[in-house]
Amino acid sequence: MYIYLYLNIFTILFPFLLSFDRKVAFYKNWGALFPAILVNGVLFVVWDVLFTKAGVWGFNEAYLTGIYLFNLPLEEVLFFLTVPYACVFIYDVLNAYITRDLLQPYAKPVAVLLMVLLPMLAIFNMSRLYTSITFVLLSIMLLLHLRFFGSRFLGRFYLAYLVHLVPFLLVNGVLTYLPVVWYNNDYNLGLRLVSIPVEDTMYSMLMLLLTISVYEGIRQRKSVKQYQPVVV
């Protein structure tokens, strides 16, 4: 049963088909999207290889195709394409259909709160590698985002993150309940949302924030170049 492969297809199918919606026209942003996915993929695949080797998590071969890349199941590598694609699609759809930035007033305070709490939790859980590394990296990513963009995109990012939690809980719930992906509780807090480690929520936030930061950075750079005056 190739359940992990089917979940990848399910994750990207509707976002891909709806990428050609006239109002969103998501396909027009692929030039910024795919470099952002590549940057995200390189970081997370390296991280995945190291954590799999260390036994922080692993995979149930009963639900895989048996094809491996970089010592990871093909499905796991595809995960870093399908999930960021779907998440940025959600982000752009919300931007297109909800014109008001509803969460902007709370954007910076929430980021500052996370940057204070997450490192503290990481310090008290240094031996729990999934917990400590995820929380520290997310704190750093929030700091970098604020440094380069301020809170300009954060409100809309939070809204996309909250909406993405619905498919996240569905897909990740299947992955961890069967389990297709198993976690060694020696390396996490041992707290679960049914079968999903709580760290997965912060891991997903990190992956989404990194992708959107690079995505918006590329779009911003293209916009600046487009409107630069031509010097004769």
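The values are calculated or read from the model by the stated rules, or taken from the named source; none is laboratory data. Keep in mind the model is a prediction, meaning the values are calculated, not measured. Don't worry about glycine lacking a Cβ; one is built from the backbone with ideal geometry, like all the others, and counts go over all protein chains shown.
Within the stretch 162-185, residues that are within 25 Å of Leu102 (Cβ to Cβ) and surrounded by 17 or more Cβ atoms within 10 Å (Cβ to Cβ) reach partners that are modelled with pLDDT of 95 or more and not basic (Lys, Arg) with beta carbons closer than 6 Å, at six or more positions or on different chains, in the pairs His164/Cys87; His164/Ile90; Phe168/Ser204.
Scan the stretch 192-207 for residues that are among the hydrophobic types (A, V, I, L, M, F, W, C), farther than 18 Å from Leu72 by Cβ and not in a loop (DSSP other than H, G, I, E, B) and report the count.
Here is the first cut: in the stretch 192-207, the ones among the hydrophobic types (A, V, I, L, M, F, W, C) are 193-194, 196, 198, 202, 205-207.
Retained after the next criterion (residues that are farther than 18 Å from Leu72 by Cβ): 193-194, 196, 198, 202, 205-206.
With the extra rule that they be not in a loop (DSSP other than H, G, I, E, B), the set shrinks to 193, 196, 202, 205-206.
The number of residues fulfilling the criteria is 5.
With respect to Thr99, determine if the residue is of a type in the set (S, T, N, Q), touching a strand residue (DSSP E or B) at 6+ places or on another chain (Cβ under 9 Å) and without any contact (Cβ under 8 Å) to a residue 24 or more places away in the chain.
Values: of a type in the set (S, T, N, Q): yes; touching a strand residue (DSSP E or B) at 6+ places or on another chain (Cβ under 9 Å): no; without any contact (Cβ under 8 Å) to a residue 24 or more places away in the chain: yes.
Considered against the rule, which asks whether it is of a type in the set (S, T, N, Q), touching a strand residue (DSSP E or B) at 6+ places or on another chain (Cβ under 9 Å) and without any contact (Cβ under 8 Å) to a residue 24 or more places away in the chain, Thr99 comes out as no.
Within the stretch 179-191, can one find any residue that is in a helix (DSSP H, G or I), polar (S, T, N, Q) and over 16 Å from Val56 (Cα atoms)?
Residues of the stretch 179-191 in a helix (DSSP H, G or I): 185-187.
Subsequent filtering for residues that are polar (S, T, N, Q) retains 185.
Narrowing further to those that are over 16 Å from Val56 (Cα atoms): none.
The answer is no; no qualifying residue exists.
Phe135 fulfils the conditions (1) surrounded by fewer than 17 Cβ atoms within 10 Å (Cβ to Cβ); (2) under 30 Å from Leu5 (Cα atoms); (3) of a type in the set (A, V, I, L, M, F, W, C) except for a single criterion, (1).
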